[in-house]
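Engineer: So that we are looking at the same thing, I have put the structure below in structure tokens.
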Amino acid sequence: MSELIKYIEDPILDIKNLSVSYNRDKYAVENVNVGIKKNRITAIMGPSGCGKSTLLRAINRMHALYPTIETKGQISLNGQDTSTMSDIILRRKIGMVFQRPNPFPTMSIYDNVIAGYKLNGIRIKKSERDEIVEKSLQDVTLWDEVKDSLTKKGSFLSGGQQQRLCIARALAFRPDIVLLDEPTSALDPIATKKIEELLIELKEKYTIIMVTHNMAQASRISDYSMFMYIGKLIEYGKTKNLFINPVNKKTEEYLTGKFS
Amino acid sequence: MISLIIKTKKYLKGINTRILKNQIFAGVVFVFSFITISPIVLIIYKLISKGYKQINLAFFTEIAPDTYEAMIALGNNKIIPGGILNGITGTLLMVALASIIAIPIGLLIGIFLYENNKKKYANIVRDITDIIQGVPSIVLGLIAYFWVVKGITHGFSALAGSFALGVMMLPLIIRSTEETLKMIPETIKEAGLALGVPYHKIILRVLIPTGFSGLLTGILLAISRIIGETAPLMLTALGSMGVNYNIEKPTSAVPLLIWEFYNDPNMVDLIWSSSLILMIFVLILNLISKHIIAKKNN
């Protein structure tokens, strides 16, 4: 563990002794202890297969579907143990955006944004729905581009627009935390730049945790960075410090491109 | 220098033989593909040329004539009166009933196989599905005879016919459902999960709508597969002279009528027109499902 940060003062998300294993002998994530600072962007870096996506998915319990995956440890959100929350409550508070844009292909842009309410059978007034859709799309700077074609299918949008639509879908629940799993790896540089700018804007309202394969991206937009290696959290600190003055030798090797 | 020229010449000769081989192969492929499509063209030509005379409004609105009426018409060199209304309504009734039996069960089993892809029990179900697909339709008719005709309706009935047809539809729907769901990217499912949507709702509200065209295609192809079945209906629905909507009573069907017309020397002319109608049914169903697939791929 890094000497840079021992703990974060009142973290919005507190992960304690988290281990995830796909089968009994091998841990994909091993004994991770970390606190996430509110209204900041935290990047999770590391080579392929180091467990960064697994860690991210453990936070909103995406593993729950696969009975062979075992998760141990405690995660608290705003001081409350998440294991006491139902899936739907937890995922309303912690939204997620994936590597590839995945709007629901049969739904219109409008329905995609409101999908979380619709599919969960949460009934709200039409005026409220309209407001949520407009606000969420404005949050992701997509409103002006799509306001005249809300009834069109989401799959007609470009890749970058689709990804922003997916972020809007996650934001529609007004979550505390947004998890992003390499959100720009399937996008071109221009769309990537737009998403990065968007994330910097979004951190005023939301806490963002992002897995990225791209070190330059982490250094550009994140406030805190984690470096993981073979399932372990090697180093965690303010991005600036971690990039300029890594404490652990492995981190330094990774950052200087000795391995990837 | 000279050796280079010789080499080039040899090389060019090689190219010519290769081009020739290629042309021969392309020719063979063309000939065989032509041989494959020619039967269907000949069938349709024969059906239209022999059957068009009998097709008029009455053919769709009147029930099958009796042999005496047909004989008189033939003697006067007129077209045979009456139509195949009892066959059309019977076919529609039994296909609808078979669909009501087979579609929900088929979809559910398909979803089950997709969800439990690698489990042992799923493999057994999958194997049995394949076996059902291979069972001769007359055998299914026999089973329906013993289970439904003797056991439930105590007499030949539309229900028994629908049961046999429904069992024939099952494997096709199960397989197409499973294959369709497999084609849907995992990420769509994850998108639903990340919104906290319960799993059964993801299946009902996300996966099924996303794969709807594929599921519909499977159902249409299954219907077009059973609409012309004759053998199982002979042992179950038997046939009927009039229009029947009672599922516990014997019922006619277009393929059954064709068989009856075949066995009556006075009504042979009706075979062609009835076959033409049946063929058009099947063609329309196939074209619709082709259209759906093409639309989906765009």
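Engineer: Quick check on the exposure proxy: order A:226, B:234 from fewest to most C-beta atoms within 10 angstrom.
Structural biologist: B:234, A:226
Engineer: Also, quick follow-up: Each residue of region B:47-55 in order: what ³J(HN,Hα) in whole Hz does its phi give by Karplus 6.51 cos²θ - 1.76 cosθ + 1.60, θ = phi - 60°, with x for Gly and Pro?
Structural biologist: Karplus values, whole Hz, x for Gly and Pro: 4, 5, 5, 8, x, 5, 4, 7, 8.
Engineer: Starting from the Cα gyration tensor of region A:119-189, take the square roots of the eigenvalues, sort them a ≥ b ≥ c, and report rounded, prolate or oblate (rounded when a/c is under 1.5, otherwise prolate if a/b is larger than b/c, else oblate).
Structural biologist: Values: a/c = 2.01, a/b = 1.32, b/c = 1.52.
In terms of gyration-tensor shape, oblate.
Engineer: Given +1 on the Cβ of Lys and Arg, -1 on the Cβ of Asp and Glu, and no further charges, what dipole in debye does the protein assembly as shown carry about its Cα centre, rounded to the nearest 20?
Structural biologist: Working: 63 positive and 45 negative charges, 340 e Å.
Charge dipole of the protein assembly as shown: 1640 debye, to the nearest 20.
Engineer: Apply the a/c threshold of 1.5 to the C-alpha gyration tensor of region B:2-52 and tell me whether it is rounded, prolate or oblate. Mind dumping the intermediate values first?
Structural biologist: Working: a/c = 13.13, a/b = 8.48, b/c = 1.55.
Cα axes put region B:2-52 in the prolate bin.
Engineer: Comparing A:117, A:206, A:66, which has the greatest mean-square fluctuation in the GNM of chain A with Cα pairs linked when under 10 Å apart?
Structural biologist: Ranking A:117, A:206, A:66 by mean-square fluctuation puts A:66 first.
Engineer: Let me ask something else. When DSSP assigns beta bridges and you keep just the ones with both residues in the protein assembly as shown, what percent turn out antiparallel, to the nearest 5?
Structural biologist: Working: 23 of 40 bridges.
Bridges in the protein assembly as shown are about 60 percent antiparallel.
Engineer: Mind telling me which of A:136, A:127, A:149 comes out most flexible in a GNM of chain A, alpha-carbon contacts under 10 Å?
Structural biologist: Looking only at A:136, A:127, A:149, the largest GNM fluctuation is found for A:127.
Engineer: From the Cα gyration tensor of region B:86-297, with a ≥ b ≥ c the square roots of its eigenvalues, which class applies: rounded if a/c is under 1.5, or else prolate if a/b is larger than b/c, or else oblate?
Structural biologist: Since a/c reaches 1.5 and a/b is larger than b/c, the shape of region B:86-297 is classed as prolate.
Engineer: Top mean-square fluctuation among B:278, B:193, B:287, Gaussian network model of chain B, C-alpha springs under 10 Å?
Structural biologist: Answer for the Gaussian network model of chain B: B:193.
Engineer: Now a separate question. Please count, across region B:2-52, the pairs of lysine residues with Cα atoms under 25 Å apart that sit 8 or more places apart or on different chains.
Structural biologist: Working: B:7/B:21; B:9/B:21; B:10/B:21; B:13/B:21.
Lysine pairs, 8 or more places apart or on different chains, close enough: 4.
Engineer: When only C-alpha pairs under 8 Å and at least 6 residues apart count, what is the relative contact order of chain B, in percent?
Structural biologist: Values: 390 pairs, mean separation 74.6, N = 298.
Worked out over chain B, it gives 25 percent.
Engineer: Lysines within cross-link reach of residue A:194: Cα-Cα under 25 Å, excluding same-chain residues under 8 positions apart?
Structural biologist: Result set, ordered by chain and number: A:37, A:38, A:52, A:93, A:135, A:147, A:152, A:153, A:203, A:205, A:238, A:240.
Engineer: Let me ask you something else. Under a Cβ-Cβ cut-off of 15 Å, what is the net charge of the residues other than residue A:71 that fall near it, where Lys and Arg count +1 and Asp and Glu count -1? Don't skip to the end; give the middle numbers.
Structural biologist: Numbers: positive: A:16, A:24, A:26, A:57, A:61, A:72; negative: A:30, A:70, A:81, A:87.
Once all neighbours under 15 Å are counted, the net charge is +2.
All of the numbers you see were taken from the coordinates with simple rules; none came from a lab. Quick caveat, the model's predicted, so the values are computed rather than measured. Cβ atoms come from the backbone with ideal geometry, glycine included; neighbour counts cover every protein chain shown.
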